[in-house]
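Here the structure is laid out as structure tokens; the discussion comes afterwards.
The values are calculated or read from the model by the stated rules, or taken from the named source; none is laboratory data. This structure is a prediction, so every number in the text was calculated from the model and none was measured. Quick reminder, even Gly has a Cβ in these numbers, built from the backbone with ideal geometry, and neighbours come from all protein chains shown.
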Amino acid sequence: MAPVPLRRGRSTARSVVPGGLLLLGALHAGAAAASSQAASPDTVAQGGTARADVDGLASIVVAPALLPLVPRYQLQGGVLFGPDKRIGVRAYAVDSNTGPVTLGLAYHYDHSVPQSSDEELPGWVLPDEDLSNEKASTRLAGTIGTSFVDRRIGVALGVSWLQSEARFADKRSWLNGSFSVAGAAGVERQLVGSVTADNLLTPGSDDDPLTFGIGAGYRPVPVFGLFGQLDLVTGAFDGPVDIGFGAGAEGVLADVVSLRGGFRRDAERASDLATAGLGVHSENVALDYAAEFVVGHADAPPAGWEDDKLRHYHHVALKLSF
């Protein structure tokens, strides 16, 4: 990982435009799915294990209690590309150096043009009408947390404003929140774990379902780490549960190159993905790349997907440490 201090119908066609602006400016104190699409490339490549690694800044969204465990002041920006003309922007900022409080900010924007499923189509359409369903989504998330016992225990609250818009659906906006606890053990924090309850404010949302997640990372030596996470996704506290998981590893060569790989089950899309990536980093700068390859589906493939067609996602990000 990039080093941080302490260690390394009638036609209803319409254009869907971004619902927010990319994070601008330098921040003294950061202020602002849990699918791995919400993750940064370093944890994407490790099986989407953003709940398990203290170095991944996507923990601002999925496991914010990890942030106070390591003192840092970091900014990260990146993009992702994928099937259905998908393009996304990711931006993160975190400050756990200034005083006892850790603050973080995350911004996500995604745009895609997938083929509509039967459930998404309007009551009627014109003959030979283009049934592609242009979609856009925005998330602005902030977190506040603190640590105890010499940064061995972290506790954090998170809140997100989300907006979703599609060609065959009305624009929707809502708030959501999370509560997270994390811990670290070992001289160099070789063992890290987290427990997070996501999407507590609107637990029954189809777009942002209630999720309970746990993650664990073990780094027996500084140049090698193993990571895993488990997600329990449900529409309500007493609803049925879908299971997602991820596992991966990282090896560091010559203190400047990280090689990563893993596998994950995306519970929200019922898809299996193989992951891989690499990072090049110095003390203050890290450039990370990750790729995800769809290798199977738990049920029928999503609309417009074909089993014999390789589907892949690519993530690139630049991280600055101060």
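Annotations for the structure displayed:
- Residues (assigned to a strand (DSSP E or B) and touching a helix residue (DSSP H, G or I) at 6+ places or on another chain (Cβ under 8 Å)) located in the range 154-182: G154, V155, A156, L157, G158, S160, A166, A169, S178, S180, V181, A182
- Set G204, G239: member being at pLDDT below 90, farther than 19 Å from S160 by Cα and not in a strand (DSSP E or B): G239
- Odd one out for R219, checked against (1) under 19 Å from the mean Cα position of the chain (by Cα); (2) assigned to a strand (DSSP E or B): (1)
- Any hit, the range 170-181, residues being more than 20 Å from T49 (Cα to Cα), crowded, with 22+ Cβ neighbours inside 10 Å and of a type in the set (S, T, Y): no
- Residues of the range 183-192 satisfying the condition of being of a type in the set (A, V, I, L, M, F, W, C) and in a strand (DSSP E or B): A184, A185, L191, V192
- Pairs where the first residue, in the range 280-293, is surrounded by fewer than 17 Cβ atoms within 10 Å (Cβ to Cβ) and the second is of a type in the set (S, T, Y) and part of a strand (DSSP E or B), C-beta under 6 Å, 6+ apart: N284/S321
- Search result, residues across the range 261-302 that are out of contact with any helix residue (DSSP H, G or I) (no Cβ under 8 Å at 6 or more places or on another chain), assigned to a strand (DSSP E or B) and among the polar types (S, T, N, Q): S271
- Test: residue in the range 6-26 that is outside any loop (DSSP other than H, G, I, E, B), in contact with an Asp or Glu (Cβ under 7 Å, 6 or more places away or on another chain), modelled with pLDDT of 95 or more and surrounded by fewer than 24 Cβ atoms within 10 Å (Cβ to Cβ): no
- When S147, S178, S160 are screened for being of a type outside the set (F, W, Y), in contact with a Lys or Arg (Cβ under 6 Å, 6 or more places away or on another chain) and at pLDDT 90 or above, only S160 passes.
- The one condition in (1) closer than 16 Å to D55 by Cα; (2) crowded, with 20+ Cβ neighbours inside 10 Å that E188 fails to fulfil: (2)
- Hits in the range 257-291 - residues which are at pLDDT below 95, among the acidic types (D, E) and under 20 Å from F81 (Cα atoms): D266, E268, D272
- Flag for D130 being within 22 Å of S271 (Cα to Cα), at pLDDT below 95 and part of a loop (DSSP other than H, G, I, E, B): no
- Where E306 falls short, out of the listed (1) of a type in the set (D, E, K, R); (2) under 15 Å from the mean Cα position of the chain (by Cα); (3) at pLDDT below 90: (2)
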